[in-house]
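This report concerns only the one structure given below.
The values are calculated or read from the model by the stated rules, or taken from the named source; none is laboratory data. For clarity, every value in this text was computed on a predicted model and none was experimentally measured. Because the Cβ atoms are built from the backbone with ideal geometry, glycine has one as well, and the counts that use them run over all protein chains shown. Accessible surface is based on the protein model in full, side chains and every heavy atom, while ligands, DNA and RNA are left aside. Shrake-Rupley method; radii C 1.70, N 1.55, O 1.52, S 1.80 Å.
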Amino acid sequence: MKIVLGRLNAVTLDELATEGCAICSRVDAAVAFADGSEHRLLDECKSTGKILKYIGRLDGVRPDFLRELLASGSLAEARLVWKGFHAKVIWWRDFGAYVGSANLTARAWDTNVEAGIFVSEEELQHGGGAGELLRMFEHLDATSFSVDVAVIERLESLGQSAEEDADLDRRGKRRARLDELFPQPPPPPPSPP
């Protein structure tokens, strides 16, 4: 296990992304918030030919990030969760997992003080963590929907800039508009422990 504090202890998510993508079989990322058309995790997955499955929060992902994922073709899949999701987990299968506070944003990876842990695949397998993460990803699959161009266009209709999005948030209208654009289905029954 490693403590990941970025610039505070020189254990960075960039380092983990580079090392993890060189070794892993695929990457599963359940990270609530993401933005930017260029992100190092996606870049590392593309350069090493690894599939990235991203699950984010409907009201926390910028359309430019989703467009970049879709442009990656068969190397990326994007899914969105309506509400009740705030995880920050990146699992490089066969390498290990990061669990912490960092979103997939330039601020989180470059300037914020973020804190998390990296657990090797061996530790995950021996300690039962791999099964728990697998269960979480299965739950998120069951409670999310797939992203396509039409979904991105609906998200873009909310506002074209972060400033417009922030204005909608301040006025409390963004959530109502999201609910209108993306009606939420009833939740699936809870999965057995």
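A few notes on this one:
- Any chance residue 150 is among the hydrophobic types (A, V, I, L, M, F, W, C), open to solvent by 60 Å² or more (accessible area, probe 1.4 Å) and farther than 21 Å from residue 20 by Cβ: no
- The residues of the stretch 77-107 that are under 12 Å from the mean Cα position of the chain (by Cα), without any contact (Cβ under 8 Å) to a residue 40 or more places away in the chain and either buried (at least 20 other Cβ atoms within 10 Å of the Cβ) or more than 15 Å from residue 27 (Cα to Cα) (or both) amount to a single one, 101.
- Total residues in the stretch 116-143, condition under 18 Å from residue 19 (Cα atoms), open to solvent by 30 Å² or more (accessible area, probe 1.4 Å) and charged (D, E, K, R): 2
- Qualifying position, being surrounded by 16 or more Cβ atoms within 10 Å (Cβ to Cβ), in contact with a Cys (Cβ under 6 Å, 6 or more places away or on another chain) and at pLDDT 95 or above, among 4, 31, 27: 27
- Hits in the stretch 120-151 (condition: touching a helix residue (DSSP H, G or I) at 6+ places or on another chain (Cβ under 6 Å) and over 20 Å from residue 65 (Cβ atoms)): 124, 130
- Selection from the stretch 107-137 of residues that are farther than 17 Å from residue 41 by Cβ and assigned to a strand (DSSP E or B): 117, 119, 120
- Residue ID - most open to solvent (accessible area, probe 1.4 Å), chosen from residues in the stretch 37-57 that are touching a strand residue (DSSP E or B) at 6+ places or on another chain (Cβ under 8 Å) and assigned to a loop (DSSP other than H, G, I, E, B): 51
- Within the stretch 63-76, considering residues that are touching a residue at least 40 places away in the same chain (Cβ under 8 Å) and either out of contact with any strand residue (DSSP E or B) (no Cβ under 6 Å at 6 or more places or on another chain) or open to solvent by 10 Å² or more (accessible area, probe 1.4 Å) (or both), the one farthest from residue 178 (Cα to Cα): 70
- Test set (1) open to solvent by 70 Å² or more (accessible area, probe 1.4 Å); (2) closer than 18 Å to residue 28 by Cα - residue 113 fails condition number: (2)
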